[in-house]
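What follows is a set of notes on a single structure, which appears directly below.
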Amino acid sequence: MEDNRYTFTEEGGRSSGMCDGASSEEAEAAESLSCMPFATLGIGDAREDTDVPQINSKKSEEKESIKSEQENKRKKHHKDYQPNYFLSIPITNKKINSKKSEEKESIKSEQENKRKKHHKDYQPNYFLSIPITNKKITGEIKTLQNAIIQQDKRLAKAMVGDGSFHITLLVMQLLNEDEVNIGVDALLELKPSVEDVLRGRRLTLPFQGIDTFRSQVGFVKLVDGDHIPPLLEIAEMAQRMFQEKGIVAGENRSFKPHLTFMKLSKAPWLRKRGVKKIDPAWYEKFIHHRFGEETLYRIDLCSMEKKKQSDGYYHCESSIVVGDKSGGEPDDAELVKLSKRLVENAVLKAVQQYLEETQNKKQPGEGSSVKAEEADRSGSGSDNNRK
């Protein structure tokens with residue numbers, strides 16, 4: 001049987017194997033097909049190529065859907081992420097652990113040494129004072145002091161002077177003018193806290209009876225009562241306020257409010273003359289004596305070492321007025337007295353600053369005699385001015 005199929009050359013022409021019996025129309029048709037670019041593709045191949053874009057689009061949609069789902073999971077995971085496990089690299093090298101232990105011990109030892117040095121060098125030179133201004137109390141104390149002096153005139157040197165009666169709220173160490181200014185700021189910031197404790201009420205402090213500290217310091221006792229807790233709270237707040245500002249403040253012993261009227265340390269020579277203790281017989285008539293009541297309305301920042309004021313009260317750096325003295329405003333005399341004290345302190349501070357600046361401008365050899373005189377005065381008066 002004769003093969004009637006056509007074959008085509010690369011040039012698109014008809015091969016010599018073409019059937020001789022083919023018509024001219026068929027030959028022309030076959031020749032035109034050979035010129036087309038898809039002439040060498042089969043029908044099946046063409047059908048397969050037309051489906052590729054649709055398949056790719058479907059796969060792309062599936063990938064986007066998976067990606068979106070994973071992203072949502074990550075967001076939810078981030079929101080609820082709460083770690084509960086961890087990967088650990090344990091330290092088993094004994095040398096490393098030993099070194100860390102030594103470092104901790106070294107730091108601990110250094111801190112302990114600093115505390116010991118601080119305790120050793122701590123010498124309070126300032127204090128917060130609640131002044132005693134009730135004339136009945138001060139008058140009764142003078143009566144007590146005179147009764148003791150009548151028994152031994154030498155004891156007059158151990159008595160607290162007029163105008164110096166007060167309750168010590170807190171003691172502290174202020175080493176320079178910058179620290180004094182920090183102390184003044186701390187006192188001013190203390191006022192709102194004190195007023196919160198008082199809540200507009202009067203804090204009345206009643207005094208009755210006599211006691212001593214180790215038979216060296218004689219004081220009038222503050223009666224127990226509802227006034228003690230708020231007074232202790234104010235003292236604790238004051239100590240916390242000053243310590244937070246870096247001020248070395250407070251004492252090892254617990255706070256015991258009292259009103260000192262005599263101290264044997266004011267006259268050290270008494271010990272050499274046989275007066276080593278305060279004898280209870282000196283004040284036995286005042287054991288249960290009522291001295292009166294004082295209302296808290298002012299707290300002062302005072303110096304133990306600077307020269308006292310003309311009224312006998314300590315040098316005052318600053319004051320705050322709190323509470324209610326007598327159900328109303330403080331009386332005019334007390335306001336005038338307080339204003340005068342603050343003005344005097346401000347003027348004195350300005351004069352001292354001016355003198356320091358003037359002396360610094362002088363030559364090294366100048367002004368030495370003036371400084372020596374000031375040193376002598378401060379040295380001789382320091383014992384008498386201490387609290």
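Pairs please, first residue from the range 219-242 and more than 24 Å from Phe261 (Cα to Cα), second anywhere and among the charged types (D, E, K, R) and open to solvent by 30 Å² or more (accessible area, probe 1.4 Å), Cβ atoms under 7 Å, 6+ apart in sequence or on different chains.
Here the result reads Met241/Glu189, each pair linking the range 219-242 to a residue that is among the charged types (D, E, K, R) and open to solvent by 30 Å² or more (accessible area, probe 1.4 Å).
Quick check on the range 241-260. Is at least one of its residues open to solvent by less than 50 Å² (accessible area, probe 1.4 Å) and touching a Ser or Thr at 6+ places or on another chain (Cβ under 6 Å)?
At the first step, the residues of the range 241-260 found to be open to solvent by less than 50 Å² (accessible area, probe 1.4 Å) are 241-242, 247-250, 257-260.
Applying the additional criterion that residues be touching a Ser or Thr at 6+ places or on another chain (Cβ under 6 Å) yields none.
No, every residue in the range 241-260 fails to be open to solvent by less than 50 Å² (accessible area, probe 1.4 Å) and touching a Ser or Thr at 6+ places or on another chain (Cβ under 6 Å).
For (1) at pLDDT below 95; (2) open to solvent by 30 Å² or more (accessible area, probe 1.4 Å); (3) part of a helix (DSSP H, G or I), each residue gets a yes or a no:
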residue	(1), (2), (3)
Lys120	yes, yes, yes
Gln123	yes, yes, no
Leu128	no, no, no
Thr143	no, yes, yes
Gln150	no, yes, yes
Leu155	no, no, yes
Gly163	yes, yes, no
Leu175	yes, yes, no
Ile182	no, yes, yes
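Here are some residues: Pro229, Pro206. Which one is under 35 Å from the mean Cα position of the chain (by Cα) and part of a helix (DSSP H, G or I)?
On the way: Pro206 fails: part of a helix (DSSP H, G or I).
Criteria check complete, one pass: Pro229.
For Lys277, work out the one condition from (1) surrounded by 12 or more Cβ atoms within 10 Å (Cβ to Cβ); (2) in contact with a strand residue (DSSP E or B) (Cβ under 9 Å, 6 or more places away or on another chain); (3) in contact (Cβ under 8 Å) with a residue 12 or more places away in the chain; (4) basic (Lys, Arg) it doesn't fulfil.
Condition not satisfied by Lys277: (1).
Counting only residues that are open to solvent by 40 Å² or more (accessible area, probe 1.4 Å) and under 24 Å from Gly139 (Cα atoms), how many does the range 222-240 have?
Step one: of the range 222-240, the residues open to solvent by 40 Å² or more (accessible area, probe 1.4 Å) are 223-224, 226, 229, 232-233, 236, 239-240.
In the following step, the residues that additionally are under 24 Å from Gly139 (Cα atoms) were identified as 223-224.
Final tally of qualifying residues: 2.
Every residue, every condition in (1) in a loop (DSSP other than H, G, I, E, B); (2) at pLDDT 65 or above; (3) buried (at least 16 other Cβ atoms within 10 Å of the Cβ), yes or no:
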| position | (1), (2), (3) |
| --- | --- |
| Phe291 | no, yes, yes |
| Ser310 | yes, yes, no |
| Ser326 | yes, no, no |
| Glu357 | no, yes, no |
| Asn360 | no, yes, no |
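Is it true that Lys116 is at pLDDT below 95 and either in a helix (DSSP H, G or I) or under 30 Å from Glu284 (Cα atoms) (or both)? Talk me through it step by step, then tell me what you get.
Numbers: at pLDDT below 95: yes; either in a helix (DSSP H, G or I) or under 30 Å from Glu284 (Cα atoms) (or both): yes.
Judged against the criteria, Lys116 is a match.
Taking the range 65-101 only, how many residues are assigned to a helix (DSSP H, G or I), open to solvent by 100 Å² or more (accessible area, probe 1.4 Å) and modelled with pLDDT under 75?
Residues that pass the stated criteria total 11.
Sort out which residues of the range 209-221 are open to solvent by 20 Å² or more (accessible area, probe 1.4 Å) and either under 10 Å from Val322 (Cα atoms) or part of a strand (DSSP E or B) (or both), and write them in order of number. Can you show your working first?
At the first step, the residues of the range 209-221 found to be open to solvent by 20 Å² or more (accessible area, probe 1.4 Å) are 211-217, 221.
The answer is Asp211, Thr212, Phe213, Val217, Lys221.
The values are calculated or read from the model by the stated rules, or taken from the named source; none is laboratory data. What you are looking at is a predicted structure, and each value in this text was computed from that prediction instead of being measured. Every residue, glycine as well, gets a Cβ built from its backbone with ideal geometry; the counts of neighbours run over all protein chains shown. The accessibility values were calculated without ligands, DNA or RNA, using every heavy atom of the protein model including side chains. Shrake-Rupley method; radii C 1.70, N 1.55, O 1.52, S 1.80 Å.
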